[in-house]
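In what follows, a structure is listed as C-alpha cells, so that the remarks can point back to it.
The values are calculated or read from the model by the stated rules, or taken from the named source; none is laboratory data. Because the structure is a prediction, the values reported are computed rather than measured. Backbone-built Cβ (ideal geometry, glycine too); neighbour counts: all protein chains shown. All accessible areas refer to the heavy atoms of the entire protein, side chains included, with ligands and DNA or RNA removed. Shrake-Rupley method; radii C 1.70, N 1.55, O 1.52, S 1.80 Å.
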Amino acid sequence: MLIMSIIAPPSDMIDYQRQIRSLLEQENAIILAHNYQPAWIKDVADISGDSLYLSQRAGDTDATTIVFCGVRFMAETAKILSPTKRVVLPADDAECSLADSITESDLLAWRAQYPDAIVVAYVNTSAAVKAQADVCCTSANAVEIVASIPHDRDLLFLPDQFLGAYVKRMTAHPNMHIWMGECHVHADISPEHLERKMLNNPTATLMVHPECGCTTPALYQMATASSGSTRQRVSILSTNQMIEEAKTTSAQHVLVATEIGIMSDLRAANPEVRFEAVNPEARCPYMNRITPQRLLDSITSTADEVFVDPATAARARLAVERMVHPELRSWSR
Ligand code: 13P
Ligand code: SF4
C-alpha cells in the first residue's frame, strides 16, 4: 500500500522510487517498513506498520524476498518466521540500543536465579536472546501476554524497564522481575519534557509509547484524567495504535511521545489535527541509516542478506510464534 507523504518528494527521489518499485516486481520482493522509517521509505513500501503487524505480514507473505526497512532485530524476526525466504536489511549498521541492553549470557545468568520463571522477551532483542525466551511480545500485546501468565509463576520481563513498569502496573503481576534496559531515544523523552509540554498545552490530548522515560508520569496523568481532575486525555499505545487513534480522535491538538518518524503518518492520518512531538529531537539514528541507493542495491545484493543461525532460529521460533499467534500460548510446567 503506498501512503503518499504530504510534501511532494524531489524528482531524483521519484526516480529512485520508480526504479525500486520496478526491481521489486522483477524480483518478487516486498518492502516492509517500520512506522519510524522516513516518509520517503514508507511511500515506496508495500506495507508499513508496528513490530507486531510487520511480524504478522512477514509470516504470511508470498513474496520470495523481504526487504526489511527497519533495524536488525526486525529483519531477524522476519527470518525466524519465514526461514525459507530471502530477508535483506538495506543498512548493515542499523542496530538497536535497546536490543543491545541484554545479551544471551546476561539472560542465562538471570534465569539461573529463577529456574522456573517464564521469560517474556520484548521483540527488540537479538535472535540469541529470543532463543532463551518462552514468549516474545511487542508494545501492542505485552499487557495481554503478561496478563495470561499465572500469578504464582515467576516472570522475567526484558529488556525495557519503562515498558516493564507499565505492564506490571496494568497487570499487577506479583512475581514480575524487570530487566533495567532502555532505548536511548525513548528514555530521552523524559518526565521533564512531558511536564513542560503539558504545562504549555493544558487542553491537548497525549499519546505515549510505553518505552518512553515519561511513561510513569503519563500513567499518573491517565489516572487523574479519568477522575476528572485534568482536561487532558492520555493513552499509552504502540505505533500502529497511535495511527488508528489519530484517524478517529476528536482532539484538535495531540502531544506525541515517541520517535519522530511517526509524525508523518499521524499527520497523514488526520490532517485536521495538530500533532506535536513531546521531544522533537527524538530521532533514532539506526532507523535513519537507509539511503535511496542502499535500498535499491539491497533488493538484489547478497551482502545485505540477513542470516540467523538455524539452530538459534529453531529455538527462537516458538517464542516468536507465540507473540504472533495467541492460540500457541500455554504456560503449563
Ligand atoms: P512498535 O512499533 O511495535 O510500537 O515498537 C516501537 C519500537 O521500539 C521500534 O523500535
Ligand atoms: Fe531501538 Fe529505540 Fe531505535 Fe527503536 S527507537 S530501533 S528501540 S534504538
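Here are a few things to note about the model shown:
- Residue of 199, 23, 219 that the Gaussian network model of the chain assigns the largest fluctuation, springs spanning Cα pairs under 10 Å: 199
- Loop chymotrypsin sites (Phe, Trp or Tyr not before Pro), the range 229-333 (other Cβ atoms within 10 Å of the site Cβ: 13 or fewer; DSSP): 307, 331
- Rolling a 1.4 angstrom probe over the protein heavy atoms with all chains in place gives the range 19-116 an accessible area of 36 Å² per residue.
- Most fluctuating residue given options 187, 165, 112, as computed from a GNM of the chain linking Cα atoms under 10 Å: 112
- Lys pairs, the chain - Cα-Cα below 23 angstrom, 8 or more residues apart or on other chains: 7
- Cut-off under 5 Å, modelled amide H: who pairs with residue 48 long-range: 33
- Karplus-based coupling profile of the range 86-103, in residue order and whole Hz: 7, 10, 10, 10, x, 9, 6, 9, 8, 9, 7, 5, 5, 4, 6, 7, 8, 10, with θ = phi - 60° in 6.51 cos²θ - 1.76 cosθ + 1.60 and x standing for Gly or Pro.
- Each Lys and Arg Cβ is given +1 and each Asp and Glu Cβ -1; about its Cα centre, the chain then shows a dipole of about 660 debye.
- Which of 193, 52, 204, positive extreme of dipole for the chain (C-beta unit charges): 204
- Taking amide H as placed 1.01 Å from N in the peptide plane, residue 88 has its amide H under 5 Å from the amide H of 66, 67, 68, 306, each at least 5 places away in sequence or on another chain.
- Surface share of carbon and sulfur [accessible, 1.4 angstrom probe, percent] for the chain: 51
- Karplus-derived 3J(HN,Hα), 6.51/-1.76/1.60, for each residue of the range 284-301, Hz, glycine and proline x: 7, x, 6, 6, 10, 8, 8, 9, x, 5, 4, 5, 4, 5, 5, 4, 10, 6
- For the chain, the calculated P(r) over all alpha carbon pairs, in 20 Å bins from 0 to the bin holding the longest distance, is 32, 57, 11, 0 percent.
- Surface per residue (accessible, 1.4 Å probe) for the range 134-290, Å²: 42
- Shape of the range 78-178, Cα gyration tensor, a/c cut at 1.5: prolate
- The chain, helix-only ellipticity at 222 nm - DSSP H runs n ≥ 4, -39,500 (n - 2.57), divided by all residues, nearest 500: -12000 deg cm²/dmol
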